[in-house]
Amino acid sequence: MSTMEEPLYPIAVLIDELKNDDIQLRLNSIRRLSTIARALGEERTRKELIPFLSENNDDDDEVLLALAEELGVFIPYVGGVEYAHVLLPPLETLCTVEETCVRDKAVESLCRIGSQMRETDLVDWFIPLVKRLAAGEWFTSRVSACGLFHIAYPSAPEMLKTELRSIYSQLCQDDMPMVRRSAASNLGKFAATVESVHLKADILSIFEDLTQDDQDSVRLLAVEGCAALGKLLEPQDCVAHILPVIVNFSQDKSWRVRYMVANQLYELCEAVGPEPTRMDLVPAYVRLLRDNEAEVRIAAAGKVTKFCRILSPEHAIQHILPCVKELSSDSSQHVRSALASVIMGMAPVLGKDATIKQLLPIFLSLLKDEFPDVRLNIISKLDQVNQVIGIDLLSQSLLPAIVELAEDRHWRVRLAIIEYIPLLASQLGVGFFDDKLGALCMQWLQDKVYSIRDAAANNLKRLAEEFGPEWAMEHIIPQVLEMSTNPHYLYRMTIIRAVSLLAPVMGSEITCSKLLPVVVNASKDRVSNIKFNVAKVLQSLIPIVDQSVAEKTIRPCLVELSEDPDVDVRFFANQALQTIDSVMMSS
């Protein structure tokens, strides 16, 4: 008897849990659907579980979302692709709920299932579902229908294809803006499946209706369709049908639509070709760069380098550069920041002469901007300019500004400068570096912000790697040793950190003679934080120094620390002693 009842048990538990008041129990039950389906077997899953889920009218969106997600991967549990259609009814119900994320997930799952279904099943089951949703009384079902046409259309016979195009056209003229929005955002995917002969006849007329919609939320989604349709059409059709729309959109009364154009314009340039770009899209882009709304100028400024790449240097200098000069002193700090993040990329496009004459003054003004993000964005891209104008000119014009920024009041700016120093050092060469930037690198070790001190210690290591141990021995080590007796314990800790980073670069001999004594002296520090950091550093030095040094110098020091009153000091000292023991045993 018990063996007969066992297969019934999971479905009974599921039904109980799905009706439970506790949402977590209901959620857990939905997430275990695949386990329950395996226990039931394919036939009972089709005949009992799926109908039960179709009738389940849970009102919690979290449960419905989980159900929509689970059903999308349920084909193996109902008997494979030939029975995939049984999953459509519960998902159809989910496509009509009010919560957007549930509907979106249901549409996503339907698309996943539809893309695996056989053509005959799509015609028999999937296309009728799309038609029912598209004719739904409540707007939610019509919104969901728009996302399914690109799956349904390719498999439909000719008569049905005509009907589907007609239905989509009606959805694009729906009374509800939400439906028109969904139709506009899915138009690109649907158009990609439509034959080229109907693309011009039907899809372009649908597109033109959407571009003239009275709701700006629909028009801005139609802008995305411009780029998608532009890639599907021949260049001459693109120029005839898409280009005029984009030019009009760039002057749209809604700033949101103009913002979308500023984001998408670059992709359209590729679709229409170089000549229409120069004649029509460059003036449109210039208008957007000078737009009244800061958000539009931000979007346009962020694309300035990409746009320059598709123009000849002469056209970029003639049309785009004057706008860039204006934007560099824009009233909005966010516009200047967006420009600063891409302007360096213009240097390779414009060439050496134009960069020196036209761009360098803009770089310098942005490097002195009052807003730290603007300065940061310029600093992080300096290497792009260096490749074009050479290090001599860079050092003459930009180095004074870099030195000034090294003491910037915003610590993130100082941090960006530190991270740029090794690259600058490798390009400036050792002589120039010592002369101009050497003192700065030591100064940062005593910064008030920990992140700066830590970055400064890492910076010393990278400089030692770049210029070699001999240079480091002459220019870094003496000053580091001098700072090791600083009265402030945080600065002494930074020196301990610097020593641990420099030791592997400097090698065994210099570590033993110069760096190890500093660490051993620090072990007698009165601050516990210093002492347990000393234990960690000594542990890192063990593989670098000779075994005799580890035994005679490091071990006694660690033994002393292992008897310290502070628990953390004892812990790290004992860890280091274990490392010495394991090294000795392995040797």
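The values are calculated or read from the model by the stated rules, or taken from the named source; none is laboratory data. Remember, predicted model here, so these are calculated numbers, not experimental data. We place every Cβ from the backbone using ideal geometry, glycine too, and count neighbours over all the protein chains shown. All accessible areas refer to the heavy atoms of the entire protein, side chains included, with ligands and DNA or RNA removed. Shrake-Rupley method; radii C 1.70, N 1.55, O 1.52, S 1.80 Å.
Based on DSSP H runs of at least 4 residues, each adding -39500 (n - 2.57), what is the mean residue ellipticity at 222 nm of the chain after dividing by all its residues, to the nearest 500 deg cm²/dmol?
Numbers: 39 runs with 381 residues, N = 587.
Estimated from H runs of four or more residues: -19000 deg cm²/dmol.
Can you pick out the pairs among LYS381/LYS531; LYS531/LYS552; LYS131/LYS231; LYS306/LYS448; LYS253/LYS325 whose Cα atoms lie more than 31 Å from each other? Each step should come with its number before you reach the end.
Working: LYS381/LYS531 40 Å; LYS531/LYS552 19 Å; LYS131/LYS231 28 Å; LYS306/LYS448 40 Å; LYS253/LYS325 26 Å.
Those over the limit are LYS381/LYS531; LYS306/LYS448.
What is the distance in Å between the Cα centres of the stretch 441-517 and the stretch 540-572?
Using only Cα atoms, the two centres lie 20 Å from each other.
So how much slack lies between GLU407 and THR35, counting 0.36 nm per residue of separation and subtracting their Cα-Cα distance, in nm? Before the final figure, lay out the partial values.
Numbers: separation 372, 0.36 × 372 = 133.92 nm, distance 6.20 nm.
Length gained, GLU407 through THR35: 127.7 nm.
Could you state the number of Å between the C-alpha centres of the stretch 155-223 and the stretch 272-338?
So the separation of the two Cα centres works out to 31 Å.
Which FRET efficiency value, to the nearest 0.05, do you get for LEU364 and LYS306 by plugging their Cβ-Cβ distance into 1/(1 + (r/R0)^6) with R0 = 30 Å? Don't skip to the end; give the middle numbers.
Values: r = 24 Å, r/R0 = 0.79.
My answer for the efficiency is 0.80.
Keeping every protein chain in place, order ASP280, ASP408, ASP16 by accessible area at 1.4 Å, biggest value first, i.e. largest first. Numbers along the way, then the final one.
Details: ASP280 65, ASP408 20, ASP16 105 Å².
In descending accessible area the options line up as ASP16, ASP280, ASP408.
Mind ranking 411-422, 44-55, 468-479 by how tightly packed they are, going by the mean number of other C-beta atoms within 10 angstrom, highest first? Mind dumping the intermediate values first?
On the way: 411-422: 20.2, 44-55: 17.3, 468-479: 15.7.
Final packing ranking: 411-422, 44-55, 468-479.
What list of whole percents do you get for P(r) of the stretch 398-480, with Cα-Cα distances grouped in 5 Å bins up to the one holding the largest distance?
3, 15, 30, 27, 17, 7, 1
Which value, in Å² and to the nearest 10, is the accessible area of VAL537 when all protein chains are kept and the probe is 1.4 Å?
Approximately 10 Å² for this residue.
Please list, in order, the residues from the stretch 102-135 whose amide nitrogen is less than 14 Å from a point placed 7 Å along the Cα→Cβ vector of MET159.
Within reach of a label on MET159, which here means backbone N under 14 Å from a point 7 Å along Cα→Cβ, the stretch 102-135 contributes 124.
Can you sort VAL527, VAL257, VAL73 by solvent-accessible area, 1.4 Å probe, largest first? List each step's numbers first, then the result.
Details: VAL527 35, VAL257 0, VAL73 80 Å².
Of VAL527, VAL257, VAL73, the descending order of accessible area is VAL73, VAL527, VAL257.
Over all Cα pairs of the chain, how is the pair count split among 20 Å bins, expressed in % and running from 0 up to the last occupied bin?
16, 28, 29, 25, 1
Between SER166 and ASP214, what length comes free when the chain is fully extended (0.36 nm per residue of separation minus the Cα-Cα distance, one decimal in nm)? The partial results should precede the final answer.
Working: separation 48, 0.36 × 48 = 17.28 nm, distance 2.16 nm.
Fully extending the segment from SER166 to ASP214 adds 15.1 nm.
State the extension gain, in nm to one decimal, for the chain segment bounded by ASP61 and ASN521, taking 0.36 nm per residue of separation less the distance between their alpha-carbons. Don't skip to the answer; put the middle values down first.
Details: separation 460, 0.36 × 460 = 165.60 nm, distance 6.44 nm.
In short, 159.2 nm is gained.
Using 7 Å Cα-to-Cβ label points, what is the SER528/ARG118 separation (nm, one decimal)?
Computed distance between label sites SER528 and ARG118 equals 7.5 nm.
Whole number in Å², please: accessible area per residue of the chain, 1.4 Å probe, ligands, DNA and RNA not counted. Show your work: numbers first, answer last.
On the way: 26530 Å² over 587 residues.
Counting only protein heavy atoms, the per-residue value for the chain is 45 Å².
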